[in-house]
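In what follows, a structure is listed as structure tokens, so that the remarks can point back to it.
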Amino acid sequence: MEEKMSEENMEEVRVLEAQIERLQAEVEELQCQQQNNNKDITLQLGGKMQDAVSYLCGQTQGGLEEKVMSRLKEEVEELEEDLKRQTQMNGICLNSCTTKILQSNGSKRVQKLCVSGQCSELVFQVEFQLTEVKEGQQSERTISDLNVVMDVSDLQNFSSFLSGVEERSDLLLFFRTLRTFSERCDDRCRTFEHFQEKYPSVVSFPGDSRSEVMALNHPELPGCVLFVHWSVEVSCEGEVTPKVGLLTKIPEEALQLSPSQSLGGAAEAFQSLLRILGPEAAVESMIRTVSLSQES
Amino acid sequence: MEGASTKGVLSHLSLLEVQARSRKSRPQQPSRVKELKAKVEALRIQRDQLRAEIETHKNLQKLRASMDKQCSQEGEEEEEKMDDDSENSQLLRLMARHTQLKDLLNAHHIIGGYNVIRTSQGKGVCASLATAYEGVYLETYNVEIVLKPRLKISRHNVPPFIPLNSLAEQSNMQADIKTFLDALSKHLNAFAGRKQQLKLVKELHKSVEVLESNVLCSILVMLLTLPGEKSTVLCTLDYTDHTRLLPTSVHFECKDKALPDAPEWKKNCSLLMETPVHKALMSMKTNGTVV
């Protein structure tokens, strides 16, 4: 009787031991999968996020859902505030940032980042590799393989700056310059729009107010147009310089009709005005000259 | 008579023996089984827990990927349908947004953002200014500004040769902190870049002797060796515009007074004016004018 029982027990023991072996193998595989997941930076969760994961996996007791939810909500709201602050101070609006870990061992980590966003009206997408090497307390960070995508079809100045910046992987210079360039373009646009509002009969744009050119049409001489060319140049060092110039388009007949001084020498006169008054005042004075000539 | 009692005692003894033996082995087996059953249960719980966590991570990743797509395309993307119950999907959505925000804030930091934070109950702000040159991150400087009664720089670790206060005045810090930070960042990055160029000259060009430089790295005097006769050229680079990485003037001095006017040295002069010094020296070695 006991022998039979001990035989059954031995059978059960064997079955259980086999189950244990299988389960241990499964657990090992899952732990390995989890370790791989943990390499994904995005999902390195801690604090309230880890609480949330535990809740979703049924680890926490029931009734705690509101607590987990509200604590996480609070933290998310703080992060949203922080993002608003950074966006305002840095003058750059980021829409998305994805990271991929290419290499990660004890002291070296290489990530590939893809960041997209806009700076005022200028939309960009930037991809680069970030390498971090730890040496004791210090950590050295380097950017490489920078690739910038922007619609620069009407930004010839900017595109040569861009190729230089990509070559040298100068990520920070790119963003500093982008901001300044964008601000100068916005200045131009604001000034152009201001003049269009103030002198609607004289001012027009071949494209739109974001273009580089503003046309001043002489009210009496329809073929005569003064073009204010306001370009924003960017050197390869990242120096942003607005350049304003005047181009005249005057048909032969008009030159005979009106005194040459008022239109022919306009370009040179404009450059001296620029030096004395600055761009906005010089342009305004040009506009007044053109529109006031009605009365003369 | 004796035979029967002995037989009785012997059989009783052997019965006791058997009982004792079976008592030894039988209690072991049930408790062993119990032990094993408990272990199986524990492993099952561990496995299910891991499966649940991995599944949650997977769902989180999927949700985050679709949120990223929505944000970068600004399109009318179909929101990822969750087949979970709505409360859990709300939590998951919140979690995905959490990871997105963390990544965006990290991106702001990496691209050289000012990391502005409020300090001491909103009485001030603290900003970090990152510097980098040709992809290498260099020093980060910090500035703390008190807001009341007027904006004033209270603490900083900016080196003394950077004109902090005059920059604050010129850029009208009172009206707009951002303009001040932009101007300061320009100065700091230019300084960091010149300093890094000097470091690279010393590392990459052992044949060039650096005779003079200053803390601001706004002047650089080097001794270049000419090929052949081993005579030297004294080269002075002046960086009078402290917001720039390139010199404003280049000057050569040599025993041979005609050398600076020679065409290849005029070319070297342009090289040094237009390209960073460590790269210009590389080109000059390649074109054979220096060793």
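The values are calculated or read from the model by the stated rules, or taken from the named source; none is laboratory data. Quantities reported herein were computed from a predicted structural model and do not represent experimental measurements. Every residue, glycine as well, gets a Cβ built from its backbone with ideal geometry; the counts of neighbours run over all protein chains shown. Protein only, heavy atoms only, side chains kept; ligands, DNA and RNA dropped before computing areas. Shrake-Rupley method; radii C 1.70, N 1.55, O 1.52, S 1.80 Å.
Write out the GluC sites (Glu not before Pro) in region B:175-240 meeting two conditions: DSSP loop, and at most 10 other Cβ atoms within 10 Å of their Cβ.
Counting only loop positions with at most 10 other Cβ atoms within 10 Å, the GluC sites (Glu not before Pro) in region B:175-240 are B:Glu229.
Helix B:86-110: angle to the longest alpha-carbon principal axis of chain B, degrees 0 to 90, nearest 10?
On a 0 to 90 degree scale, this one is about 30.
Which angle between 0 and 90 degrees, to the nearest 10, do you get for helix B:177-204 versus the longest principal axis of chain B when only C-alpha atoms count?
The answer is roughly 90 degrees.
How crowded by other chains is B:280-287, given as the mean number of beta carbons from other chains within 10 Å of each beta carbon?
Whole-number average of other-chain Cβ neighbours for B:280-287 is 0.
With θ set to phi - 60° and the Karplus curve 6.51 cos²θ - 1.76 cosθ + 1.60, what are the ³J(HN,Hα) couplings of region A:92-102 in order, to the nearest whole Hz, using x for Gly and Pro?
10, 9, 9, 9, 8, 9, 10, 10, 9, 8, 8
At a threshold of 8 angstrom on Cα-Cα distance, excluding pairs fewer than six apart, so keeping six or more, what relative contact order does chain B reach in percent?
8
Could you list which residues have their amide H under 5 Å from that of B:Glu209, counting only those 5 or more apart in sequence or on another chain, with H placed in the peptide plane?
B:Leu223
Which trypsin sites (Lys or Arg not before Pro) does region B:149-226 hold that lie in a coil by DSSP with at most 14 other beta carbons within 10 Å?
B:Arg150, B:Lys206
Peptide A:169-179: average number of partner chain Cβ atoms within 10 Å per residue?
The shielding value for this peptide is 5.
Can you put A:Phe227, A:Phe124 in order of accessible area, largest first, using a 1.4 Å probe?
Most to least solvent-accessible, the answer reads A:Phe227, A:Phe124.
Any chance you could look up the accessible area of B:Ile117 with a 1.4 Å probe, heavy atoms only, rounded to 10 Å²?
The value for B:Ile117 is about 80 Å².
With springs connecting C-alpha atoms under 10 Å apart, model chain A as a Gaussian network and identify which of A:Gln111, A:Gln129, A:Gln33 has the largest mean-square fluctuation.
A:Gln33
Rounding to the nearest 10 and keeping the result within 0 to 90°, find how far the Cα-based axis of helix B:277-286 lies from the longest principal axis of chain B.
80
As a test question: what accessible area, to the nearest 10 Å², does B:Tyr114 have when a 1.4 Å probe is rolled over all protein chains in place?
Only protein atoms counted, so the area is about 10 Å².
Which residue fluctuates most in the GNM of chain A (Cα springs below 10 Å): A:Cys114, A:Cys236, A:Cys32?
Answer for the Gaussian network model of chain A: A:Cys32.
Based on the Cα atoms of the protein assembly as shown, what semi-axes does the equivalent ellipsoid have, where each is the square root of 5 times one gyration tensor eigenvalue, given in whole Å with the largest first?
Equivalent ellipsoid of the protein assembly as shown: 73, 35, 21 Å, largest first.
Which aspartates and glutamates have a Cα less than 14 Å from the Cα of B:Lys123, not counting those fewer than 8 places away in the same chain?
B:Glu144
So how exposed is B:Val146, as accessible area in Å² (1.4 Å probe, rounded to 10)?
50
Would you please classify the overall shape of chain B from the alpha carbon gyration tensor, given that a ≥ b ≥ c denote the square roots of the eigenvalues, rounded means a/c under 1.5, and beyond that prolate means a/b larger than b/c while oblate covers the rest?
prolate
Between A:Val152 and A:Thr87, how many nm apart are label points set 7 Å from Cα along the C-beta direction?
The answer from the label model is 2.7 nm.
Give me the number: length gained by fully extending B:Glu35 to B:Ser207, i.e. 0.36 nm times residue separation minus the C-alpha to C-alpha distance, one decimal in nm.
Full extension of this stretch gives 54.3 nm more.
My understanding is that a pair violates if its Cα-Cα distance is over 29 Å; which of A:Lys134/B:Lys69; A:Lys73/B:Lys152; A:Lys198/B:Lys148; A:Lys112/B:Lys186 do that in this structure?
Checking Cα-Cα distances, A:Lys134/B:Lys69; A:Lys73/B:Lys152; A:Lys198/B:Lys148 exceed 29 Å.
I need the shape label for chain A. Rule: rounded when a/c is under 1.5, else prolate if a/b > b/c, else oblate, with a, b, c from the alpha carbon gyration tensor.
Prolate, because a/c is 1.5 or more and a/b exceeds b/c.
Quick check on region A:135-211: take the gyration tensor over C-alpha atoms, sort the square-rooted eigenvalues as a ≥ b ≥ c, and tell me if it's rounded (a/c under 1.5), prolate or oblate.
Prolate.
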